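**Q** Please find one structure pasted underneath; my questions will follow.
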Amino acid sequence: MPAEINLDHPPPPEQAAAQSLRSRLRHRPGYPNPVLAGLGAGLIAVLLLTLTGAPPPPASARVVFHTSADAFHLDDHHVYTIHSAPDQTARVTAHDLSTGRTAWRSEIPAGTDHHFRSFAGHRLVLTTSFDLGEGTTSALDWQTGELLWTAAGSPAAVGDELVVLEQREDGRPLSTAPVLSAVDPTTGSPRWQLPAALSHVTADIAEGRVYGAHEGELIRFDPATGEPVAATKAAEPPWVISHLQTIDSAVLVQQLDFQERVARLRAFDSQSLTLRWELDTQIGPDDAVFPVRCGELLCLAGDGVLHGVDPATGEKRWTAADPVRYIIWHAPAGEHPFSDHLLVVAGPDPRGPQRLLATDTGQTVATFSDWRLVPGSPGADVEASADAPTLALRAAGDAGPRLGVLRPDRSGIIPLTTAGGEPPDQPGCLVQWPHLVCRSDAPGARASLTVWLVDPKLQLLP
């Protein structure tokens with residue numbers, strides 16, 4: 001039976017760290033009042049010392065700094081934030097993760113929406129500003145904030161030699177496929193552009209692969225020149241290609257038959273484009289079945305059912321007994337301490353109860369009713385530390401500490417004492433060990449960010 005993790009015993013008391021007079025008086029709307037928090041924690045400490053004769057345990061996590069942003073991103077050095085300005089510009093700020101000090105500021109084109117993409121190979125920070133669906137990407141030096149180049153489109157793939165951007169031609173509706181173009185990552189100079197007639201495109205520049213689909217045909221392009229080098233028929237009516245994806249040495253082509261409500265996944269060899277295998281499944285709630293790498297297998301969810309598939313043969317190794325709606329977290333084998341597990345949610349709410357599945361069997365290892373795991377920061381181009389613990393946040397409304405850490409044997413959550421307040425239960429919390437960054441959204445207001453430092457020497461019970 002899977003372990004039901006639900007800690008109802010009283011949590012350890014929290015203790016607020018001493019703060020300077022200046023930091024205590026630096027109170028802004030939307031943040032907990034540090035003066036009141038300090039007085040409350042001090043009162044708790046006095047009561048504990050009076051009743052037990054011993055001081056409370058030291059805090060396992062403390063607030064490093066607060067800031068605000070329209071969008072944010074983090075890597076192993078900085079938290080990057082974007083603030084839109086009324087003068088048609090936006091400001092990117094790099095905050096030191098450990099101290100909160102401003103490392104640099106830089107201006108980029110303004111937009112109605114902003115996204116980040118860091119690039120470890122050249123240590124670039126790529127930001128995309130969207131305005132009515134059209135994006136402009138700016139490349140900044142991660143150390144100085146110097147604006148290196150701007151180009152139309154948003155990043156689709158990055159590599160040591162190329163940055164591939166996707167953009168839409170003037171007058172083309174947003175439902176059509178974007179046009180792929182490649183630029184030099186250091187200078188932004190154009191390299192090539194694929195034909196605009198392609199219905200779907202995908203690129204894995206790290207592996208030297210660029211593919212497109214046109215009228216049911218799968219086409220491989222030379223990543224250095226953008227010229228087509230191989231093609232094969234991948235779909236016949238009534239099947240319609242809906243998605244392209246590269247995993248390992250295969251190109252996965254997803255096809256849909258909308259009349260029969262069936263999805264077909266076909267795997268082609270990445271070089272020769274010969275068909276390896278195909279697999280049919282029911283169409284999921286979003287008319288898609290997106291496979292992800294999970295341990296040694298592929299995991300795909302269709303119509304609320306999760307399957308584990310052999311990537312070499314397409315054979316179904318297992319089907320999860322319980323329904324699955326969202327795959328929250330996954331990792332290839334050997335790249336994360338929990339890479340042999342899959343974190344999923346059964347219901348339509350991404351913040352609903354979570355389950356941890358074993359990728360080799362599909363069986364539920366643990367269920368989390370009150371806590372939500374925060375395994376890592378998606379999109380951050382840094383490798384997870386093999387010895388970094390997995391943090392967890394308690395669901396809003398539940399009593400007790402809001403921050404915890406998963407036991408190494410996955411048998412439960414260890415609550416952590418905090419200084420400076422408790423983190424919110426937000427899906428926007430990201431981890432870059434030993435830091436936790438949480439975003440709190442207020443209606444009609446700019447999102448506030450809080451950066452927490454978890455004790456790097458945290459001792460976990462087995």
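The values are calculated or read from the model by the stated rules, or taken from the named source; none is laboratory data. In this text the structure is predicted, and so the values were computed from the model without any measurement. Glycine gets a Cβ as well: all are built from the backbone with ideal geometry, and neighbour counts include every protein chain shown.
**Q** Select from region 412-421 the residues that are modelled with pLDDT of 80 or more and assigned to a loop (DSSP other than H, G, I, E, B) and list them in ascending order.
**A** G412, L416, T417, G420
**Q** Could I ask something else about it? Here are some residues: L126, L148. Which one is under 20 Å from the mean Cα position of the chain (by Cα) and either at pLDDT 85 or above or under 18 Å from L162 (Cα atoms) (or both)?
**A** The unique qualifying residue is L126.
**Q** I would also like to ask the following. Looking at the structure I just gave you, is R28 over 21 Å from the mean Cα position of the chain (by Cα), at pLDDT 50 or above and among the basic types (K, R)?
**A** No.
**Q** Does A333 satisfy being hydrophobic (A, V, I, L, M, F, W, C) and modelled with pLDDT under 90?
**A** Yes, satisfied.
**Q** A further question on this structure: Go through region 215-238 and report how many residues are surrounded by fewer than 20 Cβ atoms within 10 Å (Cβ to Cβ) and of a type outside the set (D, E, K, R).
**A** 11
**Q** Can you tell which of S60, S106 is over 17 Å from G145 (Cα atoms) and modelled with pLDDT of 75 or more?
**A** S60
**Q** Listed residues C294, C299; which is at pLDDT below 85, in contact with a His (Cβ under 8 Å, 6 or more places away or on another chain) and over 25 Å from A230 (Cα atoms)?
**A** Testing whether each residue is at pLDDT below 85, in contact with a His (Cβ under 8 Å, 6 or more places away or on another chain) and over 25 Å from A230 (Cα atoms) leaves just C294.
**Q** Given the structure, is G171 part of a loop (DSSP other than H, G, I, E, B), at pLDDT below 75 and in contact with an Asp or Glu (Cβ under 8 Å, 6 or more places away or on another chain)?
**A** Spelling it out, it is not the case that G171 is part of a loop (DSSP other than H, G, I, E, B), at pLDDT below 75 and in contact with an Asp or Glu (Cβ under 8 Å, 6 or more places away or on another chain).
**Q** Scan region 391-408 for residues that are farther than 23 Å from F65 by Cα and modelled with pLDDT of 80 or more and report the count.
**A** Total meeting the criteria: 2.
**Q** Please work out if R266 is touching a Leu at 6+ places or on another chain (Cβ under 8 Å), buried (at least 19 other Cβ atoms within 10 Å of the Cβ), at pLDDT 90 or above and farther than 26 Å from R394 by Cα.
**A** Yes.
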